[in-house]
1. If you check L4 against the conditions, is it closer than 10 Å to L65 by Cα, more than 9 Å from ligand 2 (Cβ to nearest atom) and not in a strand (DSSP E or B)?
2. Only residues that are among the small types (G, A, S) and either within 8 Å of ligand 1 (Cβ to nearest atom) or within 15 Å of P63 (Cα to Cα) (or both): list them for region 1-25, please.
3. Contact list please: Cβ distance under 6 Å, first residue in region 16-37 and closer than 12 Å to V113 by Cβ and of a type outside the set (F, W, Y), second residue assigned to a helix (DSSP H, G or I) and within 8 Å of ligand 2 (Cβ to nearest atom), pairs at least six apart or on different chains.
4. Filter region 28-47 for residues that are near ligand 1 (Cβ under 9 Å from one of its atoms) and more than 19 Å from R110 (Cβ to Cβ); which is surrounded by the most Cβ atoms within 10 Å (Cβ to Cβ)?
5. Could you say whether any residue in region 65-72 is closer than 13 Å to S92 by Cα, away from ligand 2 (no atom under 11 Å from the Cβ) and surrounded by 15 or more Cβ atoms within 10 Å (Cβ to Cβ)?
6. I'm told V94 meets every condition in (1) among the hydrophobic types (A, V, I, L, M, F, W, C); (2) more than 16 Å from ligand 2 (Cβ to nearest atom); (3) touching a residue at least 60 places away in the same chain (Cβ under 8 Å) except one. Can you identify the failing condition by its number?
7. Taking the condition of being in a loop (DSSP other than H, G, I, E, B) and within 9 Å of ligand 2 (Cβ to nearest atom), how many residues in region 23-37 meet it?
8. Could you tell me which numbered condition D82 fails, if it satisfies all but one of (1) outside any helix (DSSP H, G or I); (2) charged (D, E, K, R); (3) farther than 29 Å from H128 by Cβ?
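The values are calculated or read from the model by the stated rules, or taken from the named source; none is laboratory data. In this text, all values refer to a predicted model and were calculated from it rather than measured experimentally. So basically every Cβ, Gly included, is an ideal-geometry build from the backbone, and we count neighbours across all protein chains shown.
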Amino acid sequence: MRELGRRLAKLLRAGDLVMLSGELGAGKTTLTRGLGEGLGVRGAVTSPTFVIARVHPSLGDGPPLVHVDAYRLGGGLDEMEDLDLDVSLPESVVVVEWGEGKVEELTEERLQVRIHRAVGDTTDEVRHVTVTGLGERWASADLSALAA
Ligand SMILES: Nc1ncnc2c1ncn2[C@@H]1O[C@H](COP(=O)(O)OP(=O)(O)OP(=O)(O)O)[C@@H](O)[C@H]1O
Ligand SMILES: [Mg+2]
């Protein structure tokens, strides 16, 4: 998942929104960690358990990574405007965990990453991931680099 995140980082640019879904412990944060590494941002990506969003500024001249745990977000991404993040979302790469049902109506352009974990078998560390690009931005994007 971490390696997938690193690969995904190469496809992303400022203004992109990535929506991560998958059950508890599926690997959403692990993927975001790789994404942060790939983007070259400051700070370790961890579960934003006690914060709704965390900003990781770029160590270079790339876009910052905004990592959102929408679990506690009542309304939607518009509520993020009130969070007083000192970056603008259109200039950032925004990754949202638990965003389903909250971000869809606000953004028709997004990369949807669904992580599936085999149920029942607790020793199975294999994840199946479905990546879907929605909207103009992703219409002709080549996602083949994501598959090894
Ligand atoms: N193939 C794998 N991909 C991702 N994580 C894995 C894998 N195998 C084992 N794990 C472990 O599963 C856990 C996944 O946790 P992670 O925080 O990434 O999930 P999450 O989807 O963000 O969970 P939450 O719903 O609590 O936010 C980590 O402890 C990780 O080490
Ligand atoms: Mg998480």
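1. Values: closer than 10 Å to L65 by Cα: no; more than 9 Å from ligand 2 (Cβ to nearest atom): yes; not in a strand (DSSP E or B): yes.
Answer is no for this residue.
2. Going residue by residue through region 1-25, those that are among the small types (G, A, S) are 5, 9, 14-15, 21-22, 25.
A9, A14, G15, G22, G25 - these are the residues of region 1-25 that are among the small types (G, A, S) and either within 8 Å of ligand 1 (Cβ to nearest atom) or within 15 Å of P63 (Cα to Cα) (or both).
3. Hits for this filter: L20/K28; G22/K28.
4. Here is the first cut: in region 28-47, the ones near ligand 1 (Cβ under 9 Å from one of its atoms) are 28-33, 46-47.
Checking the rest, the ones that are also more than 19 Å from R110 (Cβ to Cβ) come to 30, 33, 46-47.
Working: T30: 18, R33: 20, T46: 12, S47: 15.
Within region 28-47, the match that is surrounded by the most Cβ atoms within 10 Å (Cβ to Cβ) is R33.
5. Of region 65-72, the ones closer than 13 Å to S92 by Cα are 65-68.
With away from ligand 2 (no atom under 11 Å from the Cβ) added as a condition, the list becomes 65-66.
Filter once more, so that each one left must be surrounded by 15 or more Cβ atoms within 10 Å (Cβ to Cβ): 65-66.
Checking region 65-72: at least one residue is closer than 13 Å to S92 by Cα, away from ligand 2 (no atom under 11 Å from the Cβ) and surrounded by 15 or more Cβ atoms within 10 Å (Cβ to Cβ).
6. (2)
7. Of the residues in region 23-37, the ones in a loop (DSSP other than H, G, I, E, B) are 23-27.
Filter once more, keeping what is within 9 Å of ligand 2 (Cβ to nearest atom): 24-27.
Going through region 23-37 one residue at a time, the tally reaches 4.
8. (1)
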